[in-house]
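A quick write-up on the structure given underneath.
Laboratory data are not the source of any read-out in this text; all were calculated from the coordinates shown. What you see is a predicted model, and the numbers here were worked out from it, not measured in a lab. Heads up, the Cβs are rebuilt from the backbone with ideal geometry, glycines too, and the neighbour counts pull from every protein chain shown.
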Amino acid sequence: MDIIGFFTSPIMLDILVKLLVATVLSLIIGLERELIHKPAGIKTHMLICMSSTLVMALGIHLFDRFPNSIDPSRLPAQILAGIGFVGAGTIIRDGFSVKGITTAASLLLITCIGLTIGAGFYEAALIATLFAFLTLSLTTPLQQLLHKNKKVILFTITAKSTPDAIGNVNALFESKNASVLNIRQIRDDVSQYTLLKFLVKLNNPKEKESLIQKVCELDNVKEVYTSKKTYHNDEQD
C-alpha cells in the first residue's frame with residue numbers, strides 16, 4: 001500500500017480541509033461562549049462541529065459508493081435529533097427563569113455549520129459563522145443599552161406560608177408595572193414562614209422606595225429585604 005499516496009489522495013485531502021475549516025469556524029463561536037463562562041465552550045463547539053462535519057461527509061461518501069441504496073440525508077437527520085440532548089444539558093432552570101437557551105441554540109447552529117462544511121458548502125458555513133459571532137458578541141451591549149435606564153432589584157420577603165403568598169406579591173409588582181424576572185421560594189418546615197426571592201426590574205428606579213413600602217403593607221408579609229436595607233411590618237408577629 002502506498003502510504004504517501006493514501007495521505008495525499010483526493011478523499012483524504014477533502015476530509016482534511018473540511019475538518020480544518022470546521023475546527024477554525026467552531027473555534028470562533030466557542031471562544032465567544034468561553035469568554036463569558038458558558039457551560040459549552042471551545043471544546044464542546046469544536047467537537048460537535050467536527051462530528052457533524054464528519055457525519056455529513058460520511059453520508060455523501062456512502063452515497064457515492066452505494067448510490068442506489070443509501071440516502072445521504074439520513075445520517076445528518078440523526079445527528080440533528082441527537083444534538084437536542086446535548087443542548088438540553090446546557091439549559092438550567094432557576095426558579096421561574098431559564099438559563100442556557102442561547103448556548104443550546106449556538107450548539108444547534110454549530111451542528112448545522114458542520115453539516116454545511118461536510119457537504120462542501122464552505123461559503124454558507126463561513127457566512128453563518130460570521131453572522132453568528134456578530135449576533136452573540138454585539139447583541140449583549142445592545143441589550144445593556146436598551147435596559148440602561150431600568151434597575152434590577154432583588155426583593156427577599158419573609159411571609160407566612162399561605163397558598164397565595166407568591167400570587168399576592170407577584171400581583172402587586174404587576175400592578176406597579178414592574179417586571180418579575182425570577183421567583184424563588186424557600187420553605188421552612190419548622191416555622192410558619194417562607195422565604196420568597198423576587199428579582200424585579202423597575203422601569204422607573206425612583207419607584208423603589210414606594211414599591212418596598214407597598215410590599216411591606218401586604219397581608220402576611222413580615223419583612224422585606226433589599227440589598228442594603230431591611231423593612232419590618234409591625235403588624236405581623
Helix axis angle, 101-118 relative to the chain longest principal axis, alpha carbon, degrees: 10 degrees
Length gained when the stretch Leu130-Leu154 is fully extended (0.36 nm per residue, less Cα-Cα span): 4.9 nm
Simple label model, 7 Å out from Cα along Cβ direction - Val86 to Gln192, nm: 5.4 nm
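Taking R0 as 41 Å, what's the FRET efficiency between Leu13 and Lys99 from their Cβ-Cβ distance, rounded to 0.05?
Numbers: r = 42 Å, r/R0 = 1.03.
Between Leu13 and Lys99 the formula returns 0.45.
Report the full-extension gain for the segment Ile4 to Arg184: residue separation times 0.36 nm, less the Cα-Cα distance, to one decimal in nm.
On the way: separation 180, 0.36 × 180 = 64.80 nm, distance 6.33 nm.
Here the answer is 58.5 nm.
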By average C-beta atoms within 10 angstrom, highest first, the peptides 12-23, 48-59: 48-59, 12-23
Dimensions (Å) - segment 3-145, Cα atoms, principal axes, largest first: 55, 28, 24
Cross-link table Lys151/Lys214; Lys99/Lys222; Lys160/Lys214, entries beyond 26 Å C-alpha to C-alpha: Lys99/Lys222
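For Tyr193, Tyr122, what ranking results if the residue with the fewest other Cβ atoms within 10 Å of its Cβ goes first? Before the final figure, lay out each step's value.
On the way: Tyr193 20, Tyr122 14.
So the residues, fewest neighbours to most, are Tyr122, Tyr193.
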In sequence order, calculated HN-Hα J values of segment 210-215 (Karplus, 6.51, -1.76, 1.60; Hz; x Gly/Pro): 5, 5, 4, 5, 5, 5
Two-site label geometry, His37 and Asp164: point separation in nm, points 7 Å out along Cα→Cβ: 4.1 nm
For a label point 7 Å along the Cα-to-beta-carbon line of Asp219, residues of segment 181-207 with backbone N under 18 Å: 193-194
Where labels lie 7 Å past Cα in the beta-carbon direction, separation of Asn177 and Phe66 in nm: 6.6 nm
In Hz, Karplus ³J(HN,Hα) per residue of segment 160-174 (6.51, -1.76, 1.60; θ = phi - 60°; x = Gly, Pro): 5, 6, 10, x, 9, 4, 5, x, 5, 5, 5, 5, 5, 4, 5
Normalised contact order of the chain, rounded percent, pairs of Cα under 8 Å and 6 or more residues apart: 16 percent
Amide hydrogen neighbours beyond the local backbone of Lys151, cut-off 5 Å, H modeled: Leu202
